[in-house]
1. For residue 53, all conditions in the list (1) touching a helix residue (DSSP H, G or I) at 6+ places or on another chain (Cβ under 6 Å); (2) at pLDDT 85 or above hold save one; what is the number of the exception?
2. Testing residue 12 on (1) modelled with pLDDT of 85 or more; (2) in a loop (DSSP other than H, G, I, E, B), one condition comes back false. Which one is that?
3. If the Cβ limit is 9 Å and pairs must be 6+ apart or interchain, which residue in the stretch 71-93 that is in contact (Cβ under 8 Å) with a residue 24 or more places away in the chain and closer than 18 Å to residue 47 by Cα pairs with which residue that is of a type in the set (S, T, N, Q) and surrounded by 10 or more Cβ atoms within 10 Å (Cβ to Cβ)?
4. Only one residue in 67, 76 is at pLDDT 80 or above and either among the β-branched types (Val, Ile, Thr) or touching a strand residue (DSSP E or B) at 6+ places or on another chain (Cβ under 6 Å) (or both). Which one?
5. When you go through (1) at pLDDT 85 or above; (2) exposed (fewer than 10 other Cβ atoms within 10 Å of the Cβ) one by one for residue 91, which number turns out not to apply?
Amino acid sequence: MLLAFLTLLGVIVLVAVVGFFMLRKGPEIIQGQAEVTEYRVSSKVPGRILEFRVKEGQKVQAGDTLAILEAPDVIAKMEQDKQRVIFIVLLFLVTVILE
C-alpha cells in the first residue's frame with residue numbers, strides 16, 4: 001500500500017515538473033518605438049537652472065550637457081576654499097620673510 005502511494009506521488013511530481021518546464025512561456029519580444037513625453041533628470045547638488053543647452057525634441061547622447069545649473073552652496077564652498085588657499089599662501093610668505 002505504501003509502495004503504491006509513493007509510486008503515485010512520484011508520478012504526480014514527475015508530471016508536474018515536466019509540465020512546468022514544457023508548458024512555460026518563452027520570452028515575449030515586442031518590437032516598435034516608444035515616445036517619451038517626459039523624462040526626469042536630477043543633479044547631485046541642489047541648484048537653479050541658468051541655461052538649457054538642448055531644445056525640445058533634440059536627440060542627445062549619454063554624457064551630453066543638458067543644462068547649466070547655478071548652485072549657491074557649491075559657489076560658497078569654492079569661495080571659502082579660495083580664501084583658505086590665499087590665507088595659507090600669505091602665512092607661508094610671512095613665515096619665510098620673518099625667518
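1. Result: residue 53 passes all but (1).
2. Looking at each condition in turn, residue 12 falls short on (2).
3. 71/43
4. Every option except 67 fails the conditions.
5. (2)
The values are calculated or read from the model by the stated rules, or taken from the named source; none is laboratory data. Just so it is clear, the model here is predicted, and its values are computed rather than measured. So basically every Cβ, Gly included, is an ideal-geometry build from the backbone, and we count neighbours across all protein chains shown.
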